[in-house]
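Colleague: Next up is a structure, given as structure tokens.
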Amino acid sequence: MADPTDTRIVVVTGASRGIGAACASAFLALGDTVVGLSRSRGETPEGAEYLPCDLSEEGAVDAAIDEIVARHGRIDVMIANAGITRDQLAVRMTDADFDEVITTNLLGTFRCARGALKRMIRQRSGRIIMVSSIGAFMGLPGQANYAASKAGIVGMARALAREVGSRSITVNVIAPGLIATEMTEVLGDDRLRAMEAQIPLGRIGRAEDVADAAVFLASPGADYVTGAVLSVDGGLGMGH
């Protein structure tokens, strides 16, 4: 990692809303330089740099990372958070619905990790933090595509952790549970209340809960943590 007295360069994908915006705000509060990548500026926090980037477009991530390195010379933390849903029961799900989610969530995350790792390997330091989902382990009806993409992130992270550990680079995963964001609002009040009743801590999570986990995984206190999956789900998954 960069010297703790230096400003870290932190890249957050999907920083325009929800968990990504909360992560960007949390690192800004620590005094880090934050660059948000997303399709639109949206609610990217004030103080964060913004670069338009569609993870599903080949070459877009590499171009954005090249721009970040040209500006700042390094990348210390990559938070690969951006993701989409295209929920539908399997018998009605189209190939396009499946491909779009896999391309954005899984391939897009890989593109972010690959681009950052090219720089981190030269630095011999860095943190990759990928955002998966409790849905990867529990499975929810209508989310075959989403669950596959988020489960793939876990396997990918563990493979990468073994590849780059000798360069003092850690690769970890956060698996959020039910978090109050625009993405979960589409579930409707009845379904949300039913799911909330299954959470041992008795509440739906906040985006800030996930951001706090990201701050920890990027901190010196997590120097010896890699290949891990940190559930932030109020106990819903109970270690799944």
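The values are calculated or read from the model by the stated rules, or taken from the named source; none is laboratory data. Quantities reported herein were computed from a predicted structural model and do not represent experimental measurements. Positions of Cβ are backbone-derived with ideal geometry, glycine not excepted, and every protein chain shown enters the neighbour counts. Each accessible area value is taken on the protein alone, full model and side chains, heavy atoms only, with ligands, DNA and RNA left out. Shrake-Rupley method; radii C 1.70, N 1.55, O 1.52, S 1.80 Å.
Colleague: Taking the convex hull of the alpha carbon atoms in the stretch 1-110, what volume per residue do you get, in Å³? Spell out each step's value before the answer.
Modeller: Values: hull volume 11.1 nm³, N = 110.
Enclosed volume per residue, from the Cα hull, is 100 Å³.
Colleague: Over the chain, what percent of the accessible surface lies on carbon and sulfur atoms, probe 1.4 Å? Intermediate values should be presented prior to the final figure.
Modeller: Numbers: 5620 of 10960 Å².
That fraction is 51 percent.
Colleague: Looking at the stretch 1-100 only, what percent of DSSP beta bridges run antiparallel? Nearest 5 please. Don't skip to the end; give the middle numbers.
Modeller: Details: 0 of 12 bridges.
Roughly 0 percent of the DSSP beta bridges within the stretch 1-100 come out antiparallel.
Colleague: List, in order, the whole-Hz ³J(HN,Hα) value for each residue of the stretch 223-235 obtained from phi through the Karplus relation with A = 6.51, B = -1.76, C = 1.60 and θ = phi - 60°; use x for Gly and Pro.
Modeller: Result, rounded to whole Hz: 4, 10, 10, 8, x, 9, 10, 9, 7, 10, 9, x, x.
Colleague: Kindly give the semi-axes, whole Å and largest first, of the ellipsoid equivalent to the stretch 58-120, taking each as the square root of 5 times a Cα gyration tensor eigenvalue. Show your work: numbers first, answer last.
Modeller: On the way: eigenvalues 185, 20, 13 Å².
With the √(5λ) rule applied to the stretch 58-120, the semi-axes are 30, 10, 8 Å.
Colleague: Using a 1.4 angstrom probe and counting only protein chains, how large is the accessible area of residue 130 in Å², to 10?
Modeller: The accessible area of residue 130 comes to roughly 0 Å².
Colleague: Give, as ranges by residue number, the residues of the stretch 208-225 whose backbone N falls under 12 Å from the point 7 Å along Cα→Cβ of residue 30.
Modeller: Within reach of a label on residue 30, which here means backbone N under 12 Å from a point 7 Å along Cα→Cβ, the stretch 208-225 contributes 211-223.
Colleague: Given labels modelled 7 Å from the Cα in the Cβ direction, how far is it in nm from residue 159 to residue 89?
Modeller: Result for the modelled spin labels: 3.4 nm.
Colleague: In addition: Please label the shape of the stretch 88-235 as rounded, prolate or oblate, based on the square roots a ≥ b ≥ c of the eigenvalues of the alpha-carbon gyration tensor (a/c under 1.5 means rounded; beyond that, a/b larger than b/c means prolate, else oblate). Show your work: numbers first, answer last.
Modeller: Numbers: a/c = 2.63, a/b = 1.44, b/c = 1.83.
Because a/c hits 1.5 or more and a/b fails to exceed b/c, the stretch 88-235 counts as oblate.
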